[in-house]
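Undergrad: The structure under discussion is supplied below as structure tokens; questions concerning it will follow.
The values are calculated or read from the model by the stated rules, or taken from the named source; none is laboratory data. Since this is a predicted model, take the numbers as computed values, not measurements. Cβ atoms come from the backbone with ideal geometry, glycine included; neighbour counts cover every protein chain shown. Ligands, DNA and RNA are excluded from the accessible area calculation, which covers all protein heavy atoms including side chains. Shrake-Rupley method; radii C 1.70, N 1.55, O 1.52, S 1.80 Å.
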Number of protein chains: 2
Amino acid sequence: MMMISEAEAVVMDVLWREAPRTAEEILAEVGPAQNWQEGTVKSLLNRLLRKKAVHAERDGRRYLYRPLLKREQYVQQESKGLLDRLFDGRVAPLVAHFSEQRKLSKKDIAELRKLLKELDDEQS
Amino acid sequence: MMMISEAEAVVMDVLWREAPRTAEEILAEVGPAQNWQEGTVKSLLNRLLRKKAVHAERDGRRYLYRPLLKREQYVQQESKGLLDRLFDGRVAPLVAHFSEQRKLSKKDIAELRKLLKELDDEQS
DNA sequence: CGTGAGTATTTACGCATGTAAACATCGTTT
DNA sequence: AAACGATGTTTACATGCGTAAATACTCACG
């Protein structure tokens, strides 16, 4: 399974928010924050093309880029990887970890409650 | 903050389970599964030494290695990284993600319930 | 048609990684 | 003391990544 790197994921993020986009638009959105030059974004786009994570469609002299890899797929790969490596593939220990580190916000807790409730409901 | 690589983490894992250990013991435990030669483990140990993630104490002709980096620290770094990159730093969306993917086991759910209950109790 | 601006593609380069071979060191055995 | 075996250290090498300079392509314009 073709893995995309962290810098590449930053570019994907832009495309996940809205597509299609030109290289220029991507640079405009991400360049300032990442301190990237034009060439950097172009390179990343090309690597993403080679990895079949994006598709490019010609539009006059430039290209319109769209994501092929879905955000869900990427998130899934990444989180499953972490979970398997560190928490034996199970979710509860992960949450417990954050709980111990006091990294659960009020909001988190409330949302988790709600989530469990919903699971309960659809269960019956 | 000095990051350790995935292969290096495999070696750390052995040391986290039990320490101190010799290079030979580490190889014995991890070599078969990873298909690693002796040199590979030695190299990884040296990189870990340079990164101050393990400590080596001479014992006759060999060394005894112990972890300096704590498993908790490592887990913390890794999970915070993922959480920040993909879930805006919050735990509930992560769990929701797994829930949507039907990746929550019965056991997970039960444990999460218990966890929330405990938070509730200590709250009061 | 030649040129220049706008784009994209190729090449580069240093550093980390995965993997290991080559080399060095140091007690032990003739 | 010389050679050997065990162990650690150095060096190597391909690949990927982050970053970008160099180069190539493509229209619109003079």
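Undergrad: Of the residues A:VAL54, A:VAL30, only one is of a type in the set (Val, Ile, Thr), within 13 Å of DNA strand C (Cβ to nearest atom) and under 25 Å from B:ASP84 (Cα atoms); which?
TA: The conditions single out A:VAL54.
Undergrad: Do the conditions hold for A:ARG66, that is, is it more than 9 Å from DNA strand C (Cβ to nearest atom) and not in a helix (DSSP H, G or I)?
TA: yes
Undergrad: Spot the failing condition for B:VAL75; the list is (1) modelled with pLDDT under 95; (2) at the interface with chain A (Cβ under 7 Å from one of its Cβ atoms), and only one is missed.
TA: (1)
Undergrad: Let me spell it out: the conditions are (1) in contact (Cβ under 8 Å) with a residue 24 or more places away in the chain; (2) away from DNA strand D (no atom under 14 Å from the Cβ), and A:LEU44 meets all of them except one. Which number is the exception?
TA: (2)
Undergrad: Turning to a different aspect of this structure: Within the set of pairs 6 or more residues apart or between chains, which connect a residue that is within 14 Å of B:GLU78 (Cα to Cα) and within 11 Å of another protein chain (Cβ to nearest Cβ) inside the range B:6-20 to a residue that is of a type in the set (Ser, Thr, Tyr) and crowded, with 17+ Cβ neighbours inside 10 Å with Cβ atoms less than 8 Å apart?
TA: Correct list of pairs: B:ALA9/B:TYR74.
Undergrad: Further question on the same structure: Can you pull out the residues in the range A:69-82 that are surrounded by fewer than 15 Cβ atoms within 10 Å (Cβ to Cβ) and assigned to a loop (DSSP other than H, G, I, E, B)?
TA: Correct list: A:LYS70 only.
Undergrad: Only one residue in B:ARG66, B:ARG85, B:ARG113 is in contact with a Leu (Cβ under 7 Å, 6 or more places away or on another chain), within 9 Å of chain A (Cβ to nearest Cβ) and open to solvent by 30 Å² or more (accessible area, probe 1.4 Å). Which one?
TA: B:ARG113
Undergrad: Filter the range A:92-104 down to the residues that are touching an Asp or Glu at 6+ places or on another chain (Cβ under 9 Å) and either of a type in the set (S, T, N, Q) or more than 7 Å from every other protein chain (Cβ to nearest Cβ) (or both) and list them by number.
TA: A:PRO93, A:SER99, A:GLU100, A:GLN101
Undergrad: Moving to a separate point now. Could you please tell me which pairs satisfy a Cβ distance under 9 Å, a separation of 6+ or placement on different chains, a first residue in the range A:70-88 that is touching a residue at least 60 places away in the same chain (Cβ under 8 Å), and a second residue that is part of a helix (DSSP H, G or I)?
TA: A:TYR74/A:ALA9; A:TYR74/A:MET12; A:TYR74/A:TRP16; A:TYR74/B:LEU86
Undergrad: Moving on to the next point. Quickly run through the range B:33-50 and pick out the residues that are more than 8 Å from DNA strand C (Cβ to nearest atom) and within 23 Å of A:LEU82 (Cα to Cα).
TA: Matches in the range B:33-50: B:ALA33, B:VAL41, B:LEU45, B:LEU48.
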